[in-house]
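Here, each number is a calculation from the coordinates, and none is a lab measurement. Given the structure is predicted, the values throughout are model-derived calculations rather than measurements. All Cβ positions, glycine included, derive from the backbone under ideal geometry; neighbour counts span all protein chains shown.
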Protein chains: 4
Amino acid sequence: MNTNESLAFIGLGSMGAPMARNLLGVFPQLVVYNRNPERATPLVQAGASLAASPAQAVQPGGVVVTMVANDAALKEVTLGAQGFAPTLGAGGLHISMSTVSPETSRLLAQEHARHGSLFVSAPVFGRPEAAAAKKLWIVQSGDAGAKARAEPVLRALGQGIHDFGEEPGAANVVKLSGNFVILSAVEAMGEALALAEKNGVDRNALAAFWGETIFGCPIYQNYSKLLAQRQYEPAGFKLELGLKDVRLVREVAEHATLPMPLVDLLHERLLTSLAKGRGGIDWTGIELVTAEAGGLR
Amino acid sequence: MNTNESLAFIGLGSMGAPMARNLLGVFPQLVVYNRNPERATPLVQAGASLAASPAQAVQPGGVVVTMVANDAALKEVTLGAQGFAPTLGAGGLHISMSTVSPETSRLLAQEHARHGSLFVSAPVFGRPEAAAAKKLWIVQSGDAGAKARAEPVLRALGQGIHDFGEEPGAANVVKLSGNFVILSAVEAMGEALALAEKNGVDRNALAAFWGETIFGCPIYQNYSKLLAQRQYEPAGFKLELGLKDVRLVREVAEHATLPMPLVDLLHERLLTSLAKGRGGIDWTGIELVTAEAGGLR
Amino acid sequence: MNTNESLAFIGLGSMGAPMARNLLGVFPQLVVYNRNPERATPLVQAGASLAASPAQAVQPGGVVVTMVANDAALKEVTLGAQGFAPTLGAGGLHISMSTVSPETSRLLAQEHARHGSLFVSAPVFGRPEAAAAKKLWIVQSGDAGAKARAEPVLRALGQGIHDFGEEPGAANVVKLSGNFVILSAVEAMGEALALAEKNGVDRNALAAFWGETIFGCPIYQNYSKLLAQRQYEPAGFKLELGLKDVRLVREVAEHATLPMPLVDLLHERLLTSLAKGRGGIDWTGIELVTAEAGGLR
Amino acid sequence: MNTNESLAFIGLGSMGAPMARNLLGVFPQLVVYNRNPERATPLVQAGASLAASPAQAVQPGGVVVTMVANDAALKEVTLGAQGFAPTLGAGGLHISMSTVSPETSRLLAQEHARHGSLFVSAPVFGRPEAAAAKKLWIVQSGDAGAKARAEPVLRALGQGIHDFGEEPGAANVVKLSGNFVILSAVEAMGEALALAEKNGVDRNALAAFWGETIFGCPIYQNYSKLLAQRQYEPAGFKLELGLKDVRLVREVAEHATLPMPLVDLLHERLLTSLAKGRGGIDWTGIELVTAEAGGLR
């Protein structure tokens, strides 16, 4: 798309706000919408327009980016009473960047097709700091032409775009399974650190060893440090959001008739944490379940 | 220790042989022992001496390195009928580099103390190629003076020495829990790749994505590739050896009164693989259990 | 209710058909409905009336019993386009005997209340033979007056009614958790029999021992025999129906924020079985997953 | 054997003491031994002789019954420095009734064979009250002639003898897997009761329902009541003893190359309980792990 076209952005949460800010730098005609409009104030002050509803945010035949909390919110802004799908209409493009189920992407692609619009699924890896720094990793799937049109938008947001074909749900499978692999590493490190602690081995020394040798990549380096120090607040990514994602993985696995016992184990850790009132701490805090089971707390 | 002192090396398996070769370059007075003496031929041709028994390999008050298959073999060469412990005697040093239980290290440290010898536990991370290239990561624990004496030996074998204090079993806990964390990553990737496959996502594309973005470290890069292609032969590290290590982790966890459900899950994968006759393939091949459960094979 | 009142019965599957037959003996004015009307022929020949839709089956202010396949079917016959809820209306009573989620019961109780009808949840334990023999165990929950009115109906179907209070979903929780406890016994016996077999102990002798001594109740006696002989066809209760029930237990547990690892284990067994094409055998056939993992098949 | 022959009984714990008392009624020449001789006082007052060591308790060619705490204790009284195996000698018979591993039975059968003695493995099901009331269920395996000779002894102790052939370890496999199946039922009921409680269903009503209907056998009737009321003290069977047994099942399963995930789950429950200081409560108390995970305590 052209940088002087209008572009709509819906969802100004902790990820969406910095993403919209980056898009505003490239697309001065940015129109934003958020359920709670106060969140839009800084962007409006920086030059963005504020729409009163999802439908009013989009231009017929235009491009809209969504970054909302979950499947229900995404369906609401797209297909709900004030949803933008009918207005977007013929020639429109929806770039969906939220972490949602592949089923939802498939449904939206179908619904948009009825109106003559196209759909690209483009979820991201990275925390708010990465979003602000245009350092997101973006995975995409959808119609080839739609992806070509989306490219300038996505380039303004991330450090790389990885393509997974034309099936609209594929990028969501990649996103969800990525979060699963990350949280599996957290669980493994948590159990290993507890074993070390119970044997008198220093947690910080072990975490540092991993990051300097066999696991020299940021996820291990950063998370092992948080785990070693049991520093779970403030949350970088809330445990209850991790549970939401793992629930989606369970749904996808069920739908695919694939048993995933490690997913079930993570789910058990997360649900236990929630039952103990720890939904608001960082998701690395699932480690406390291991610590408690071993009598360490 | 001084490089013109005699040094004994016991255990010339796929790891021990290249390690002994590297030591011979630094310690020309190297004496080697292997249960099957034929394995020693290349080293003898390169200048090493061959001993007829563990006891005959060591010098009183000297230094001996062991790199054998398991706890039983280590106890046999050290404390068995022809074991070297009595000969090593006062002032001796045993550098134990095998992957064994912390209990065995504690036992050996005690037994050596009775003879006036010291003990350093120094297991390694790395495959035979890394051993040959002096690229092993070494973790150590034991008496401070003993570690100082061992340093020239360990420097000749690896790219870094990480210290975990004076408790002789600590380094073994670090080694075993490291293998556990690695195999956990394999299980997580295996389940995620199966989910991707069942959703029509290309396995190789997903594996490549991980290695290029969120998991940019060799363990993920190498193992995800093997997993994506289901290339489990020839084995880099045999599944049955992985099972041996996971059994040791279970023993350590039991002894520490620490439930480790992820260890139990890996054990179930490994034992299933063994029951199906797959003990000789690479340990990444635990993924086949997931594939079969999902009807992919 | 009075035995010469009209009574509607919806759902003539393997359980519903013998139940309707028993009701016809007591309530000669029985009106039946089934999606596939051919299933009603024997009942019509015996004197029942056949309705063309759920709505046409019921009398305003009357009583209707439902026994259908799942939550979706129950919502359809009750609240769908031809659903009976509006017709049933003021003073009506819905006795819901299907195995469904407590959430569905709570929803239906609310919807019926809007029309002035009452709702009793009354799922059953027992196979088709028990249904035919009026030997079902019935668990109930709901409004006290509604349960009093339902009593003659339930007495005509089972050998005992167990009450779990006024909350409409309670009886469903009891039913679902009952199926979970039963299937847990199957899994335990399956693992134990495999261990016995691998140690040369006769499967049939072990099964007989349990039934004659420590587990002298029909579930163990009957299921252990099927397991010992691996006689999974014809199915008494299809594995895919067991999976449906275990899915419901997972939903209820998630909703209650209660981790239930044994439920997850059973789900993994069932889903594996389904992926291998065994959804149509008896649910005791989850044992084959254990047998295969141990290399026994 | 003849009732006026001498008979030795070793191990006067909570099970052994009432068993010895019953044997004394039939075999007046009973000689007893216990590590702590004070436990023997009531039996000596009732007419039994007290031996100073296992070896002194037995007659050459005689019969000895053992009922001790674990594998180590059994090996000690049989093969230790004061063990009875050499004295028992040619024509002797050892009836081993402790809960031990099949491996230990196989070892003892071999060792006794070297001295010309025979060995019968005959572990029991039942608590101390059942032992006192001669209501034990006895499972046996071993040499046919040896079992014939043992019969009068076993008949004096239990309400039934179930035979599992000539392999000495078979009866131990049956005993251990029986305890596993029982504890699986406890875990299942514990999870189901927690689900009920979280949904407002009365725990006692649910437990009573099971015992009166689908699970009308003493294990469910008794254990469900303890679980419903969370009455875990005083212990009928200590949790730490249950852990010992489940460890043995894990060993047997490992040796048989059979993955048993439900055993691993029970082990995790038991080990967690131990880490929390609950080794001394009744083994039904594993339920507290579920309750805590769900935030119920």
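The GNM of chain B, with springs linking C-alpha atoms under 10 angstrom apart, assigns the highest mean-square fluctuation among B:Pro259, B:Pro128, B:Pro18 to B:Pro259.
Averaging the sequence gap over all C-alpha pairs within less than 8 Å and six or more residues apart, then dividing by the number of residues, gives chain A a relative contact order of 13 percent.
Rounded to whole Å, give me the distance from the Cα center of the range A:63-104 to that of the range A:151-204. If you average the Cα positions of each part, the centres end up 25 Å apart. Cα centroid separation, the range C:1-42 to the range D:255-280: 49 Å. For the range C:7-166, the relative contact order is 20 percent, taking Cα pairs closer than 8 Å that sit 6 or more residues apart in sequence and dividing their mean separation by the residue count. Once both labels are positioned 7 Å from their Cα atoms along Cα-to-Cβ, the gap between B:Ala72 and C:Ala148 label points is 7.5 nm. Picking from B:Phe125, B:Phe215, B:Phe27, which is most flexible by a Gaussian network model of chain B using Cα springs under 10 Å? With Cα springs under 10 Å in chain B, the top fluctuation among B:Phe125, B:Phe215, B:Phe27 is at B:Phe215. Evaluated at q = 0.17 Å⁻¹, a Debye calculation over the C-alpha positions of the range B:173-293 (equal weights, vacuum) places log10 I(q)/I(0) at -0.83. Nearest 10 degrees is fine. How inclined is helix D:102-115 to the longest principal axis of chain D, computing both from alpha carbons? Long axis of D:102-115 versus the principal axis of chain D: about 0 degrees.
Once you have a ≥ b ≥ c as the square roots of the Cα gyration tensor eigenvalues for the protein assembly as shown, tell me rounded if a/c is under 1.5, and otherwise prolate or oblate according to whether a/b is larger than b/c. Since a/c reaches 1.5 but b/c is at least a/b, the shape of the protein assembly as shown is classed as oblate.
Using only the alpha-carbon atoms, how far is helix D:261-275 inclined from the longest principal axis of chain D? Give it as 0 to 90 degrees, nearest 10. The angle comes out at about 90 degrees.
First select every other residue whose beta carbon is under 13 angstrom from the beta carbon of D:Gly145; then total the charges, Lys and Arg +1, Asp and Glu -1.
Working: positive: D:Lys147, D:Arg149; negative: D:Asp143, D:Glu151, D:Glu166.
My count for the surroundings of D:Gly145 gives -1.
Per-residue mean of other chain beta-carbon atoms within 10 angstrom of the beta-carbon, peptide C:218-226? Per-residue shielding by partner chains comes out at 2.
Lysine pair count for chain B with Cα-Cα distance under 20 Å and sequence separation of 8 or more or different chains is 13.
Computed from the alpha carbon positions, the gyration tensor of chain C leads to an equivalent ellipsoid with semi-axes of 37, 20, 17 Å, biggest first. For the range A:70-84, backbone phi angles converted through the Karplus equation (6.51, -1.76, 1.60; θ = phi - 60°) give residue-by-residue couplings of 6, 4, 5, 5, 5, 5, 5, 5, 8, 10, x, 4, 10, x, 8 Hz, Gly and Pro being listed as x.
Extending 7 Å from the Cα toward the beta-carbon at both C:Ala113 and A:Ala90 defines two label points whose distance is 5.0 nm.
Ordering C:Asp71, A:Asp143, D:Asp245 from the fewest to the most neighbouring beta carbons within 10 Å gives A:Asp143, C:Asp71, D:Asp245. Other protein chain C-beta atoms within 10 Å of residue C-beta, averaged over B:158-171: 3. Taking the Cβ of A:Leu93 as the center, what net charge do the other residues with Cβ under 12 Å away carry, scoring Lys and Arg +1 and Asp and Glu -1? My count for the surroundings of A:Leu93 gives -1. In nanometers and ordered shortest first, the copy-to-copy spacing of the C:Leu79 label point, defined 7 Å from Cα toward Cβ, is 1.7, 6.8, 6.9. Sorting the segments C:224-233, C:94-103, C:113-122 by their residues' average number of neighbouring beta-carbon atoms within 10 angstrom, most packed first, yields C:94-103, C:113-122, C:224-233. Have a look at B:Val58, B:Val44, B:Val249 and tell me which one the Gaussian network model of chain B (Cα, springs below 10 Å) gives the largest fluctuation. Answer for the Gaussian network model of chain B: B:Val44.
Counting only Cα atoms, the range B:41-101 measures 33, 26, 20 Å along its principal axes, largest extent leading. Which percent, nearest 5, of DSSP beta bridges in the protein assembly as shown are antiparallel? That works out to approximately 20 percent antiparallel.
Return the average number of partner chain Cβ atoms within 10 angstrom of each residue Cβ along peptide D:281-293. Don't skip to the end; give the middle numbers.
Working: counts 0, 0, 0, 0, 0, 0, 0, 0, 4, 6, 1, 5, 15.
That works out to 2 on average.
Averaging sequence separations of C-alpha pairs under 8 Å and six or more residues apart, then dividing by the length of the range A:173-293, give the relative contact order as a whole percent.
Working: 131 pairs, mean separation 40.8, N = 121.
Averaging sequence separation for qualifying contacts and normalising by length gives 34 percent for the range A:173-293.
So what's the net charge close to D:Val26: Lys and Arg +1, Asp and Glu -1, counting the other residues with Cβ under 13 Å from its Cβ?
Numbers: positive: D:Arg21, D:Lys134, D:Arg155; negative: D:Glu5, D:Glu151.
For residues surrounding D:Val26, the net value is +1.
The C-alpha atoms of chain B define a longest principal axis, and helix B:203-212 lies at about 50 degrees to it. Sorted from shortest to longest, the distances between the C:His115 label points of this copy and the other copies are 3.5, 8.2, 8.9 nm, with each point 7 Å from Cα along the line through the beta carbon.
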